[in-house]
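Structure first, then comments.
The values are calculated or read from the model by the stated rules, or taken from the named source; none is laboratory data. Note that the coordinates shown come from a computational prediction; the quantities given were computed from them, not determined experimentally. Cβ placement follows ideal geometry from the backbone for every residue including glycine, while neighbour counts extend to all protein chains displayed. What goes into the accessible areas is simple: the full protein's heavy atoms, side chains included, and nothing from ligands, DNA or RNA. Shrake-Rupley method; radii C 1.70, N 1.55, O 1.52, S 1.80 Å.
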Amino acid sequence: MDAPTTAAEPKINPAMWAVASVVFVIATVATLASYMPDTPPHWIELTLLGLGALAYLVAVVTLVSTRVFEWATFLNVAKPAFIAVLAATGVIEFAFLYDDTRGFSLTILTLGLGIVALALPLILAYSVARHVPSPKRSG
Amino acid sequence: MSDTAMAAPMPGAAAGSPPAYEVPTGPLVPTKLLAIPAVSLAILIAGILANTEWALGFLHVGFGAVWTGFDLFAGFMVGPILKRLDPPMRVAFMKRYGPKMLVVMPTLATITLAAGFQLARKAEFLTMPYPRHWWLVASFALVGVMATSAFAILLPSNLQVLMELRKPAPNFALVGKLSARYGTFAAVAGVTQLLTLIIMTRLASF
């Protein structure tokens, strides 16, 4: 049996990309707030949110391309984390809807919450799984 | 945590009588602790539905004050003490402290933010004209700093420590490093909380 090894770490690991996606979402929401009661130019919001989505996609691609990784631990952490984050973001979304937030603002906020709900479990699960020794794959 | 199993000797233990490390084997977060977010979120939903300034003010100010207090206490009291503790004590502390913080802090943050958004809208803080509006923008920037340090450092470090301590032979050097990082960034969160207090009291005085 091969000796256990820890995951081969990319230069910018998936958790860092996922954190970047959360930072872009925060920047999007802060920009939205700075223009209230008006809405900011759509291209600013869409660009920031697009960069957030792109950073998250890069996180997923970097994660999937990690050749040696303890996926069982990753999923063990990611699943409950996703449920917890979904509950929290769900309540925040409920507050937006109840407050009659509508139109472009609601779309931006909902998409932002969606990215956060996906990014946080990835950050937590990767942070834990990267330190778990994994058997080397053959080939 | 009552469910434990004996495994690796603890580092820093006296020669000749190394106490075996007790591996926690129960759930990572004790089930009874989940009552805290369940009850808190139910209160939050009731507050949002009630939509009164008193209910929203209580939720935002009350839970926000507890969040601020926890961050200040963790950053300026627990963190420095944690950095100076011997490894076995640090491990014993984190085994009991970590699960509670894992549940309590995200709950406090969720309730403070959700009630705060609705309160700000109801009190028309979101539509304040400039230059007053800058205070609101500054508060969002601080929330950004707090959220980034919480999501990128505090929460993952806490979870990493708890998971590491569940291994039969934990990497105590890693636990020490992560605990020290946790203490440092808890202080960052404490400072941003103080700045948030300045902004919030200024907003309330308009």
By how many nm would the segment from residue B:135 to residue B:123 lengthen if fully extended, with 0.36 nm per residue of separation less the alpha-carbon distance? 2.9 nm
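Do the sum for the protein assembly as shown: with -39,500 (n - 2.57) for every DSSP H run of n ≥ 4, divided by all residues, what is the mean residue ellipticity at 222 nm, to the nearest 500 deg cm²/dmol?
Numbers: 12 runs with 234 residues, N = 345.
That calculation yields -23500 deg cm²/dmol at 222 nm.
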Most to least accessible of B:95, A:11 (protein chains only, probe 1.4 Å): A:11, B:95
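Once the Cα gyration tensor of the protein assembly as shown is found, what semi-axes does its equivalent ellipsoid get, as square roots of 5 times the eigenvalues, in whole Å, sorted largest first?
Values: eigenvalues 278, 116, 59 Å².
Each semi-axis is √(5λ); the values are 37, 24, 17 Å.
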Using only the heavy atoms of the protein chains and a 1.4 Å probe, how would A:35, A:56, B:182 rank by accessible area, largest first? A:35, A:56, B:182
What are the residues whose amide H is under 5 Å from the amide H of residue B:23, where those residues sit 5 or more places off or on another chain and H is modelled from the backbone? B:5, B:6, B:7
Consider a paramagnetic label point 7 Å from the Cα of residue B:31 along Cα→Cβ; state which residues of region A:47-88 have an amide N under 17 Å from it. A:80
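Shape verdict for chain B, please, from the Cα gyration tensor: rounded (a/c under 1.5), prolate (a/b greater than b/c) or oblate.
Working: a/c = 3.51, a/b = 2.04, b/c = 1.72.
Verdict is prolate for chain B.
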Have a look at B:54, B:40, B:119 and report the one farthest towards the positive end of the charge dipole of the protein assembly as shown, computed about the Cα centre with Cβ charges (Lys/Arg +1, Asp/Glu -1). B:40
Using alpha-carbon positions, what is the distance between the centroids of region A:64-81 and region B:156-206, in Å? 23 Å
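Just how large is the dipole of region B:81-122 about the Cα centre, in debye to the nearest 20, putting +1 at every Lys and Arg Cβ and -1 at every Asp and Glu Cβ?
Values: 8 positive and 1 negative charges, 9 e Å.
Magnitude of the dipole: close to 40 debye.
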Cβ under 13 Å from residue A:36's Cβ, residue A:36 left aside: what net charge do those residues give with Lys, Arg +1 and Asp, Glu -1? -2
Leaving out ligands, DNA and RNA but keeping every protein chain, what accessible area does residue B:121 have, in Å² rounded to the nearest 10, with a 1.4 Å probe? 80 Å²
From most to least accessible, 1.4 Å probe, no ligand or DNA/RNA atoms counted, B:77, B:94, B:200 line up as B:77, B:200, B:94
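Note down the magnitude of the dipole of chain B about its Cα centre, charges +1 on Lys and Arg C-beta and -1 on Asp and Glu C-beta and zero elsewhere, to the nearest 20 debye.
200 debye
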Search the structure for amide H atoms under 5 Å from the amide H of residue B:167, placed 1.01 Å from N in the peptide plane, and list their residues when 5 or more places away or on another chain. none
